[in-house]
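*Asks:* Handing you a structure now.
The values are calculated or read from the model by the stated rules, or taken from the named source; none is laboratory data. Quick caveat: nothing in here was measured; it's all calculated off a predicted structure. Positions of Cβ are generated from backbone atoms using ideal geometry, with glycine treated the same way; all protein chains shown enter the neighbour counts.
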Amino acid sequence: FLCCPFLYLVPTIHNPTTATMPQSRREAIYKVIMRHDVAVIEDDPYWLLAGDAAPPIAALGLSSTSGPPVFYVSTLSKCLAPGLRTAYLVVPPSEPIEPILDALRSLSLMPAQTMVSSVTHWIQEGAAQEWMRQIRQDAGQRQKIAASILPGKPIAHPYGLHLWLELSPKLDQYRLIQTAQEQGLGVTSSDVFCPYESSPGAIRIALGGAPDHARLQVALEKLADILLSADKPQRIAAIV
């Protein structure tokens, strides 16, 4: 399967830009792939976390056996708990499932049965939904803390676990990241995500790693000081 060109999409809380496609954009993309008969892999690990995202693109073709194949992939490790290495694949009605099962078996004989059983039980009993509500609430509070501390205009989803901060053209993002790392802060430069030689001047800041809001605030205040200091013009002493 997927022996032809295909389109790879992350439509909800995109990593790293945090962009989320509206319903109109998803419908427009589906019309294009229908016209050109292009296969799609819709990687959607944050859809459950977003809460307000439009339905997946794959949902537009679930009732059709002749539409373009949209393979929908999601996971619980990104939105519920990092240790839950449990993912889901929705195969479009137009595609046979046997080749996909063969491919999965070539990578792993089977998922961890205890983990899958536990997750299934949590979903059926409603525990997973309640934990998701709490995680979404916590993520929203972390985003508010970041917005109140960081300079500039961070780009973020209200319930995302990271944000995207565009930097002033005057800033050397590599020097900034080095300074942040020296103070125990982990931020990621835009070139890590960009396949081209020139990348936008921006950094990705993860908000979910700090164990509590107090330590997140301390870390963000350190980063804000670094950003503000780096943006100030350097004073050069005159040599007489």
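*Asks:* If only one of ILE29, ILE33, ILE57, ILE13 is under 29 Å from GLN143 (Cα atoms), surrounded by 14 or more Cβ atoms within 10 Å (Cβ to Cβ) and out of contact with any His (no Cβ under 9 Å at 6 or more places or on another chain), which one is it? Talk me through it step by step, then tell me what you get.
*Replies:* On the way: ILE29 fails: under 29 Å from GLN143 (Cα atoms); ILE33 fails: under 29 Å from GLN143 (Cα atoms); ILE13 fails: out of contact with any His (no Cβ under 9 Å at 6 or more places or on another chain).
Selected residue: ILE57, the only one of ILE29, ILE33, ILE57, ILE13 that is under 29 Å from GLN143 (Cα atoms), surrounded by 14 or more Cβ atoms within 10 Å (Cβ to Cβ) and out of contact with any His (no Cβ under 9 Å at 6 or more places or on another chain).
*Asks:* Something else now. Report yes if PRO195 is at pLDDT 90 or above, farther than 21 Å from SER229 by Cβ and exposed (fewer than 15 other Cβ atoms within 10 Å of the Cβ), otherwise no.
*Replies:* It is false that PRO195 is at pLDDT 90 or above, farther than 21 Å from SER229 by Cβ and exposed (fewer than 15 other Cβ atoms within 10 Å of the Cβ).
*Asks:* Please work out which residue is nearest to the chain's Cα centre (by Cα), limiting yourself to segment 1-60 and to residues that are under 22 Å from PRO82 (Cα atoms) and among the aromatic types (Phe, Trp, Tyr).
*Replies:* Per the criteria, the residue is TYR46.
*Asks:* In segment 51-77, how many are in contact (Cβ under 8 Å) with a residue 40 or more places away in the chain and closer than 21 Å to THR120 by Cβ?
*Replies:* Of the residues in segment 51-77, 2 are in contact (Cβ under 8 Å) with a residue 40 or more places away in the chain and closer than 21 Å to THR120 by Cβ.
*Asks:* Residues in segment 146-166 that are surrounded by 14 or more Cβ atoms within 10 Å (Cβ to Cβ) and either modelled with pLDDT under 90 or over 20 Å from HIS14 (Cβ atoms) (or both): how many?
*Replies:* The total comes to 1.
*Asks:* List pairs: first in segment 144-156 and part of a helix (DSSP H, G or I), second acidic (Asp, Glu), Cβ under 8 Å, 6+ apart or cross-chain?
*Replies:* ILE149/GLU221
*Asks:* Here's something else I'd like to know. Looking for something at positive phi and outside any helix (DSSP H, G or I) - is there at least one such residue anywhere in segment 90-104? So that I can check it myself, show each step before the final result.
*Replies:* First pass over segment 90-104, keeping only residues at positive phi: none.
No, every residue in segment 90-104 fails to be at positive phi and outside any helix (DSSP H, G or I).
*Asks:* Check whether at least one residue in segment 58-71 is part of a helix (DSSP H, G or I) and closer than 24 Å to ALA128 by Cα, and report yes or no.
*Replies:* Within segment 58-71, one or more residues are part of a helix (DSSP H, G or I) and closer than 24 Å to ALA128 by Cα.
*Asks:* Determine if segment 110-119 includes at least one residue that is touching a helix residue (DSSP H, G or I) at 6+ places or on another chain (Cβ under 8 Å), surrounded by 11 or more Cβ atoms within 10 Å (Cβ to Cβ) and under 18 Å from CYS79 (Cβ atoms).
*Replies:* There is at least one residue in segment 110-119 that is touching a helix residue (DSSP H, G or I) at 6+ places or on another chain (Cβ under 8 Å), surrounded by 11 or more Cβ atoms within 10 Å (Cβ to Cβ) and under 18 Å from CYS79 (Cβ atoms).
*Asks:* I've got another one for you. Quick one: is LEU185 closer than 28 Å to ASP212 by Cβ and buried (at least 18 other Cβ atoms within 10 Å of the Cβ)?
*Replies:* no
*Asks:* So which of PRO92, PRO82, PRO111 ends up being at pLDDT below 90, of a type outside the set (Phe, Trp, Tyr) and in contact with a Gly (Cβ under 7 Å, 6 or more places away or on another chain)? Talk me through it step by step, then tell me what you get.
*Replies:* Details: PRO82 fails: in contact with a Gly (Cβ under 7 Å, 6 or more places away or on another chain); PRO111 fails: in contact with a Gly (Cβ under 7 Å, 6 or more places away or on another chain).
Step by step, each of PRO92, PRO82, PRO111 is checked, and only PRO92 is at pLDDT below 90, of a type outside the set (Phe, Trp, Tyr) and in contact with a Gly (Cβ under 7 Å, 6 or more places away or on another chain).
*Asks:* Find the residue count for segment 98-108, including only residues that are loosely packed, with under 10 Cβ neighbours inside 10 Å and modelled with pLDDT under 90.
*Replies:* Residues flagged as loosely packed, with under 10 Cβ neighbours inside 10 Å and modelled with pLDDT under 90 within segment 98-108 amount to 3.
*Asks:* Are there any pairs with C-beta distances below 8 angstrom linking a residue in segment 7-23 that is within 17 Å of ILE203 (Cβ to Cβ) to a residue that is surrounded by fewer than 20 Cβ atoms within 10 Å (Cβ to Cβ) and among the charged types (D, E, K, R), with the two at least 6 apart or on different chains, and if so which?
*Replies:* Here the result reads ASN15/ARG204; PRO16/ARG204, each pair linking segment 7-23 to a residue that is surrounded by fewer than 20 Cβ atoms within 10 Å (Cβ to Cβ) and among the charged types (D, E, K, R).
*Asks:* Ok, one more. As an exercise: evaluate LEU48 against (1) in a loop (DSSP other than H, G, I, E, B); (2) hydrophobic (A, V, I, L, M, F, W, C); (3) in contact (Cβ under 8 Å) with a residue 40 or more places away in the chain and give the number of the one condition it does not meet.
*Replies:* (1)
*Asks:* Here's a follow-up. When you look at PRO96, is it in contact with a helix residue (DSSP H, G or I) (Cβ under 6 Å, 6 or more places away or on another chain) and over 18 Å from THR75 (Cα atoms), yes or no?
*Replies:* Details: in contact with a helix residue (DSSP H, G or I) (Cβ under 6 Å, 6 or more places away or on another chain): no; over 18 Å from THR75 (Cα atoms): yes.
The answer is no for PRO96.
*Asks:* Filter segment 97-140 down to the residues that are touching a residue at least 24 places away in the same chain (Cβ under 8 Å) and farther than 17 Å from PRO82 by Cα and list them by number.
*Replies:* Result: PRO99, ILE100, ALA103.
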